[in-house]
Structure formats: C-alpha cells, structure tokens
Amino acid sequence: ALGVIRTEELLAARRIDGAHQFFGRGYDFGFSKTADETRKHWPQDSLLRDVITVMRAFQPQIVITTFSGTPRDGHGQHQISAIVARDAYNLAGDTIRFPVREYGEPWKPLKFYRLARFSPQDRTLSINVGEYNPYLGLSYQEIAADSRSQHKSQGEGTLRRKGVVWDYLMREDSRVPAPPAKEEQSIFAGFDTNSVRNFVFDGRVSAPAPPLPIELEAVADRQAVALGDSAKISLAIYNRGRVQISIPAIKADGAPRVVLPDSVYRWTQWYVGREISQPWWLATPRNGDLFTPKITGISEDEREVRRGAHIFVTSSEMGRLYLSSPIVFHYVDRVRGDVQRPLIVAPGVSITLDQAVTMARANGPFYQQLKTTLRSALGDSTPVTVTLSLPRGLSADSLVRTVSMAPGATRTLIFKVRGSLSRGTHQISATASARGKTYQTGYIPIEYPHINPQRIYRPSTMSVNAVDVVLPARINVAYVPGVGDNVAPVLQQLGVPLTIVDADDLPQTDLSRFTTIVVGPRAYQSSQSLQGNNDYLLAYVRNGGRLVVQYGQGEMQRPGIMPYPMTLKQPAERVTDENAPVTFTDPQSPLLNAPNKITQDDFNGWVQERASYMPSTFDSHYRTMLAMSDPGEQPNRAAILAAPYGRGTYIYVPLALFRQLPAGVPGGARIFANLLGGNTIK
C-alpha cells in the first residue's frame, strides 16, 4: 500500500507545481547502500531503456538530476538514478542501440546539470528560487513547499519561505555555445531562442495562458461500474465566454450543436467498463524487482486525460479546442462540501480477506475471526454467496453464507475459524458467487484526503504459517505502537496476551500488571508523548519489568531515552542484505536459548533486510549475542542489545523483526518470543 500512496503523493505534488510525472519500472525493493547492490535488483540496461523512451517522448532541452551518481548519494537507488540519467543524456540520440521503431524519434538534450544543494562547494550556478512570480502570486520556493508537503506519508511537510532562497546547480555538460560553467548566469545561457527546435519558454517573463472560459463536465450515476457493465454519464459543456462555440458532433447522435455565451449544453451517454481500474503498473505481476508493463513515454497527467471524457469544440476567438474531464461520481459531504470521486471499473463482486498472511503456533489452538469484505459494483440488488475453503485441521461456524447486496454496497461477514494446524504453510480461501459468476479477488481501497483514491487488488486467500514457537509462561504484554507497525496483530495471532497502550496513556496506566512492554519501530521519533512519558517506562524496568524497544533513529541517542548511551554513525549502519551471514557471538545468551533454541535456520527466508540503524558504539552494560554485516563491511554486534537495569531488563532491537513477523517468517516469530520473556539477562 505504501508504494501506491507515495505514487499518488507524487501526482498530488505535480497537480500543484504543474510538472509532468513519468515513471520507470523499478520496484522499491527497500534500502540499498551501493549502486552495485541496486543493480542486482534493477538491471541497469532495463532502466536505461525506460528513460530513453521517456526522454525521446518528452524531448527536454535541459536535464537536471537530484543526485550525483556517486557513493555520497547515500542510497544505491539514488545513485543509479543519476547514473542512468547521464547515460540517457549521452545516448538518447543513438538510433543503432535504441532503434526508432521501439524507442521513438531520436533526441539530444542540450545541457546537463546536477543539483549541488548537498555539495554547494561544487556549484557553478546559484539560483534564487525565492524569486516572486507576479503571474502566479507566489515564489518558486513557496510553490515547491506546497508541492513537497504532499508527501505526507514521509513526513515531508515544508515551510513556505519568503525572500531570497538560494539553490545550486553544477553544470556537467553543454552542447550549446554557453559561457564557461562558472560564468553563466542562467540555465538558458547559450540557447538560441529564435530556433523553433531549441526554443525555451521562460515562465518568469511570459504570462501563462488564461484559463479557458469553456469547461466540460462528466458525472457518473454511480461510483463503481462492474466490468463489462455500463454506467450512465451526464455530460455538460459550459460556455462562460463572450462568443458562441460549436460542437461538431455529439457521440449520442453525431449531430452538431451550438452553445451560446453564458449557457450550457447537456447530454447523456453510456460508459462501458472494459478494464479494471487500478494502478497500471500493478495490472500484471512483477518480474523480479521490475514491473512488467511497457513504458510508453506517456506522462501520468496524459494517462488521466485519456481515461476521462473528451471532445473537440470550435470558437471564433480561440479556434479548435480540445476539452477533457475526468468522469466522476459527484456528491456533497456535510463537512467537506463538494466531493468528486473518479468512476471506477471493478469486478461485479469484490471479495477480500482482512489479511493476506497470518501466523499460528503449530499444533496449538488456532482461533481467528476471519473478516471477509464484499463490495458490489453491480447495478441492482443481488444475492451473493460466500464459500470458505479451509485446510485440514480447521473448521468454521459456517462454510457457506448468502447475503443480499444493494448496488454499490459494502458488507462484512465474520467467520469464526478454529482448530489446529501442523507445521508449515496453509491456505484459507473465500469465493463469492453471484449471477452465475464466481469471484476470487478483491480490492483494498487506499483513500486519504490529499490524494486521489486508489485500489490494490489481491486474491481472496490467506496464507497461514504454522510455526514451532514456544511462548514464555504467564506473559502479559503491553504494546506501544510505532510507525507503519504491524507487529502487534501477529503476536496476538501467535497467542500472546496483548494490550495496545497509547503513549499518551502511559502515566495513568498500571504498568506493573504487564510482564513485558514492547515499543514499536520508530515510536520515539513519531511521538513526543512517548519521549515525554519515557520515565514511566524506565521506572517500570527498574521495578522489575522487561522493556523491548524496536529500532529507532537519531532520537535514541538523546539522554534519558535509553538507560545507557549508544551512538549512531552518519549514515547509520544497517544490514540491507536479507541473506547476510549471521554469527552467534554468544551462543549461550539466554535470548538465543529460551524458551526457543535459536539456530541458523531461524535466519532463513528473511525479507528486505537484517537490521536497521544499528548503533556503532554502545555502553558496556549492554550484552550482545549476534554479529552481521553486508558484504565487504565490518561486522556489527548491535542487532540486539540487552542490559539489566534496576531489577528488570531493557532490550533494544535494531534487528528487523518488524519486517519479518508481518511477512510470516518463522524465525522472526521465534526470536521475538524469546525477547518477550522466559529467560533472564544477568
């Protein structure tokens, strides 16, 4: 879901700053340290082909990269993006390696810059991005601040700043007769503005075109239409100008129309749902860490236009005009006011289970309330039958249920599933039947006020990983959630008695009734309340409790957060290779032996990374038991730090268990169970 959210946040940003957004096929596989590591996931020639396609379609005169293409970029993905950008600049005109029939007409950009914001000593050009644009009523920094603030899932809210704000570029190449790099006064220096091919539009000195006084509107009679079904669309052309406009032909009858000034022409037509509405890059399965749809050089704003309604009109003042409009379902909300939601094409019935992966203790009691969600895109009320398929060892209060679904309705059914499962991976599936068709997929809606709504489709199946894991006796756990934290539900599925405690409630909560308190990943970073109430947690440990804190970032170095100090390098050490060797530096550590005997097998099948933000130094009170590193680096021993504190135990866990448990990794569950108790740190 996060990838879809961040994609939509980019598009929300583009609606503010007006730029065209293009995407390549690279899947965000997680953090990487080097370009070589990134190449193992993203074949560089594949990325280059994508960028060549876009560059030839968009035909930029100037290319500017955010990153340098060197190790100082920090992320391997950042470094590769800059390397590929320069390769594309060099090769976009090469029709031998990149034939016209496949990549489009050749193109040669004329200048290449890199952003020097992170290395101002390398700058060749300083630009006042605080310059005020009288046509827009804002400076470029103010526009950029509003744009960047759309990246809410990354906490990128940015302050508007008035006055002079400098940013820096380094010119790396020029194919035009520009002055020496450090002497030019503008990125446009050296361009022949009289040449149509090389013309550059400078928005600082040219007023933008006024908005058209003519508008097309397209409103659907429902929010979702079933695949293969039709929705009724009400279209209207509003002429708010001073001269009449002509519509050469209306699709409904092919006849021309005239729309007088200050008037509107309305008509209706049918829209047939021919393709499921979803992110285009998710329509087919990935090939490794590359999405599979072909990159065509079409910008995301153009894709949106093509999905909507469009028509040509003519005006004596403005000539022939192309009008377009998204097709929306339109309603009023008492609080938000005018709400417009894009018309979507969906299966007649969407069916989803609330989880795709869950965990259970092998051969132990299994009980789960299986939440099954149905969404109807059918045009009238229809009975829908849901059938469960369970693995051997499980039973349900019912395997078949039928409900009546109104048009556009959402219904939730709860099946009570219980039993016991042998060790291994098992499948639970649900099938919906309606009007002689069966449905085994559904969508998860992604809806936030700052982005367009989206949907992620997945099969209506749940994978249950039954794990040989022993829980500490008589535990009672409190869990303080962190950022993007899905650990607590997995612990509950494993049978851990668990209570969610909000950081604000720590002062008035009787913490002594818990044997263990767990703090979620990056919780201190995201919660000032947790930082302010941390003394209650440390007092709980001094009085004999066990506190397990999952990884944090720089905030963990502040005095009073951890009982004993540690330090992080800049950038912090981490092990991004999920298959990196793990050394047991203290095989007799209680955390590796009770209640589960941890072995090398428990580090098999890990996802994305081994550990994040590992301390580089730490106080001698801390005990360690594991060492690991990425290839070619020195081992780091701080994957788990455990220390007696008062009469209790404090455990700090950079080990990436927060990724392993939601992914159903057995070893992650066994290690986490040991952190919860059943052993003593001395």
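The values are calculated or read from the model by the stated rules, or taken from the named source; none is laboratory data. This one's a predicted model, so the numbers in the text were calculated from it and none came from an experiment. Note: ideal-geometry Cβ built from the backbone for every residue, glycine included; neighbour counts use all protein chains shown.
Regarding Thr438, is this residue assigned to a strand (DSSP E or B), in contact (Cβ under 8 Å) with a residue 24 or more places away in the chain, surrounded by fewer than 18 Cβ atoms within 10 Å (Cβ to Cβ) and β-branched (Val, Ile, Thr)? The answer is no for Thr438. Listed by position, the strands (runs of 3 or more DSSP E) contained in segment 323-413 that have at least 3 residues being in contact with a strand residue (DSSP E or B) (Cβ under 8 Å, 6 or more places away or on another chain) and either more than 24 Å from Ala226 (Cα to Cα) or small (Gly, Ala, Ser) (or both) are 357-361, 366-376, 394-396. A single member of Thr567, Thr576, Thr585 is touching a strand residue (DSSP E or B) at 6+ places or on another chain (Cβ under 6 Å) and under 22 Å from Gly520 (Cα atoms), and it is Thr567.
The set of residues in segment 630-647 being in contact with a strand residue (DSSP E or B) (Cβ under 6 Å, 6 or more places away or on another chain) and either of a type in the set (Gly, Ala, Ser) or farther than 17 Å from Asp586 by Cβ (or both) consists of Asp630, Ala638, Ala639, Ala642, Ala643.
Just one of the listed residues (Ile428, Ile456) is touching a residue at least 60 places away in the same chain (Cβ under 8 Å) and either under 30 Å from Ala13 (Cβ atoms) or assigned to a loop (DSSP other than H, G, I, E, B) (or both), namely Ile456.
For Ile295, the test of being buried (at least 18 other Cβ atoms within 10 Å of the Cβ), in a strand (DSSP E or B) and hydrophobic (A, V, I, L, M, F, W, C) is failed. Counted as qualifying within segment 487-590 are no strands (runs of 3 or more DSSP E), as none has 2 or more residues that are modelled with pLDDT of 95 or more and of a type in the set (Gly, Ala, Ser). The number of residues in segment 275-322 that are small (Gly, Ala, Ser) and closer than 20 Å to Arg458 by Cβ comes to 3. If the condition is being more than 30 Å from Lys108 (Cβ to Cβ), surrounded by 18 or more Cβ atoms within 10 Å (Cβ to Cβ) and touching a residue at least 24 places away in the same chain (Cβ under 8 Å), then segment 125-147 contributes Ser139, Gln141.
Close contacts from segment 94-108, counting a first residue that is over 11 Å from Gln59 (Cα atoms) and a second that is among the hydrophobic types (A, V, I, L, M, F, W, C) and surrounded by 14 or more Cβ atoms within 10 Å (Cβ to Cβ), with Cβ to Cβ under 6 Å and a gap of 6+ residues or different chains, come to Phe98/Ile52; Tyr103/Ile52. Within segment 312-337, the set of residues being in contact with a Ser or Thr (Cβ under 8 Å, 6 or more places away or on another chain) and either β-branched (Val, Ile, Thr) or within 21 Å of Ala220 (Cβ to Cβ) (or both) comprises Val313, Thr314. Hey, can you tell me all the residues within segment 610-643 that are buried (at least 16 other Cβ atoms within 10 Å of the Cβ) and charged (D, E, K, R)? Hits for segment 610-643 are Arg610, Arg623, Asp630, Arg637. Looking at (1) at pLDDT 95 or above; (2) surrounded by 17 or more Cβ atoms within 10 Å (Cβ to Cβ), which is the one condition that is false for Ala178? All conditions pass for Ala178, except number (1).
Please specify each residue of segment 298-322 satisfying the condition of being modelled with pLDDT under 95, assigned to a loop (DSSP other than H, G, I, E, B) and hydrophobic (A, V, I, L, M, F, W, C). The one that is modelled with pLDDT under 95, assigned to a loop (DSSP other than H, G, I, E, B) and hydrophobic (A, V, I, L, M, F, W, C): Met318.
Kindly provide the set of residues from segment 591-604 that are part of a loop (DSSP other than H, G, I, E, B) and either of a type in the set (A, V, I, L, M, F, W, C) or within 33 Å of the chain's Cα centre (by Cα) (or both), ordered by number. Correct list: Ala594, Ile598, Asn604. Pairs linking a residue in segment 541-567 that is in contact (Cβ under 8 Å) with a residue 60 or more places away in the chain to a residue that is among the acidic types (Asp, Glu) and in a loop (DSSP other than H, G, I, E, B), with Cβ atoms under 8 Å and 6 or more positions apart or on different chains, are Tyr564/Asp619; Met566/Asp619.
Between Ser404, Ser398, Ser422, which is touching a residue at least 40 places away in the same chain (Cβ under 8 Å) and either over 30 Å from Gln531 (Cβ atoms) or not assigned by TED's automatic domain parsing to the domain that holds Ala224 (or both)? Selected residue: Ser422, the only one of Ser404, Ser398, Ser422 that is touching a residue at least 40 places away in the same chain (Cβ under 8 Å) and either over 30 Å from Gln531 (Cβ atoms) or not assigned by TED's automatic domain parsing to the domain that holds Ala224 (or both). Among all residues of segment 24-46, there is none that is crowded, with 18+ Cβ neighbours inside 10 Å, free of Cβ contacts under 8 Å to residues at least 60 places away in the same chain and touching a Leu at 6+ places or on another chain (Cβ under 8 Å). Within segment 330-357, residues that are exposed (fewer than 11 other Cβ atoms within 10 Å of the Cβ) reach partners that are among the acidic types (Asp, Glu) and assigned to a strand (DSSP E or B) with beta carbons closer than 8 Å, at six or more positions or on different chains, in the pairs Val332/Asp338.
If you go through segment 341-374 and keep only what is in contact with a Gly (Cβ under 7 Å, 6 or more places away or on another chain) and of a type outside the set (Ser, Thr, Tyr), you end up with Val345, Ile351, Val357, Met359, Arg361, Gly364, Phe366. Of the strands (runs of 3 or more DSSP E) lying entirely inside segment 213-264, those containing at least 3 residues that are farther than 22 Å from Leu343 by Cβ span 245-247, 257-259.
Please find, among Asp167, Asp94, the residue that is closer than 21 Å to Ser68 by Cβ and either under 34 Å from the mean Cα position of the chain (by Cα) or not in a strand (DSSP E or B) (or both).
Selected residue: Asp167, the only one of Asp167, Asp94 that is closer than 21 Å to Ser68 by Cβ and either under 34 Å from the mean Cα position of the chain (by Cα) or not in a strand (DSSP E or B) (or both).
Close contacts from segment 160-179, counting a first residue that is in the same structural domain as Gln150 (by TED's automatic domain parsing) and a second that is β-branched (Val, Ile, Thr), with Cβ to Cβ under 6 Å and a gap of 6+ residues or different chains, come to Val165/Val129; Asp167/Ile127; Asp167/Val129; Met170/Thr124; Arg171/Thr124.
Look at segment 648-659: where a residue is among the small types (Gly, Ala, Ser) and a partner is assigned to a strand (DSSP E or B) and surrounded by 24 or more Cβ atoms within 10 Å (Cβ to Cβ), sitting 6+ places away or on another chain with Cβ atoms under 7 Å, you get Gly648/Arg546; Ala656/Ala611; Ala656/Ser612.
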